[in-house]
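A.B. asks: Quick one: structure below, then a few questions.
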Amino acid sequence: MKQRRHTPEQIIAKLREADALLASGATIGQVCQRLEVAEATFHRWRRQYGSMKANEAKRLKELEQENARLKKLVAEHNLDLVLLDVEMPGISGPAVAKTLRERGVTIPIIAFAANEDQATREECLAAGCSDVLVKPLGKADLIDAVARYLAIEEPITSKYAGNGVVSSPVYIEWGHPSR
């Protein structure tokens, strides 16, 4: 059989076709021949995409592309620190941290959690996070954590401290002291 790449949407469609063929009495071998895929490929698809709908597969593809883009960003840029949420749509913060660590990323990773759950904290730390901070987070606490992990010795909280809290994604452009 010739090799070709199938999109997740095409795989889902082929699996639905396979379901119909199997329901009509076809064997796995006949189904694979009709779909023009090897049995091993069919079984791998069934494990990976079996219960997904086409829109879920499309979302998975988008998340995989976003994940690849973020990995490339980390690899190509000289980043000093990663801030991530524990519960992001489609992927968990600990999963991102684990992937970054497996790829050799050694910079600090600070995760943000919605509550002070010890199990969540342990999961994040085991995945490679340097610290877990609980939201909502005061500006001074965020700045102190960033300064601590970037080894900035100058006390900076008084310059940035305010009454607000950080409860949604924030981007802080911060020059490294050695630059």
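A.B. asks: Ala126 versus (1) surrounded by fewer than 18 Cβ atoms within 10 Å (Cβ to Cβ); (2) among the hydrophobic types (A, V, I, L, M, F, W, C); (3) under 13 Å from the mean Cα position of the chain (by Cα): which is the lone unmet condition?
C.D. replies: (3)
A.B. asks: For Met52, which of the numbered conditions (1) farther than 30 Å from Gly138 by Cα; (2) part of a helix (DSSP H, G or I) fails to hold?
C.D. replies: (2)
A.B. asks: Sticking with this structure for a sec: So which residues in region 1-16 are in a loop (DSSP other than H, G, I, E, B), loosely packed, with under 13 Cβ neighbours inside 10 Å and either of a type outside the set (D, E, K, R) or at pLDDT 85 or above (or both)?
C.D. replies: Filtering region 1-16 for residues in a loop (DSSP other than H, G, I, E, B) gives 1-7.
If we keep only those that are loosely packed, with under 13 Cβ neighbours inside 10 Å as well, we get 1-5, 7.
Met1, Gln3, Thr7, listed by residue number.
A.B. asks: For region 54-79, enumerate the residues that are at pLDDT 75 or above, among the charged types (D, E, K, R) and either out of contact with any helix residue (DSSP H, G or I) (no Cβ under 7 Å at 6 or more places or on another chain) or loosely packed, with under 13 Cβ neighbours inside 10 Å (or both).
C.D. replies: Glu56, Arg59, Glu62, Glu64, Glu66, Arg69, Lys72
A.B. asks: Ala97: assigned by TED's automatic domain parsing to the domain that holds Ala145 and assigned to a helix (DSSP H, G or I), yes or no?
C.D. replies: yes
The values are calculated or read from the model by the stated rules, or taken from the named source; none is laboratory data. Small disclaimer: the values here were computed from a predicted structure and weren't measured. All Cβ positions, even for glycine, are placed from backbone atoms using ideal geometry, and neighbour counts span all protein chains on display.
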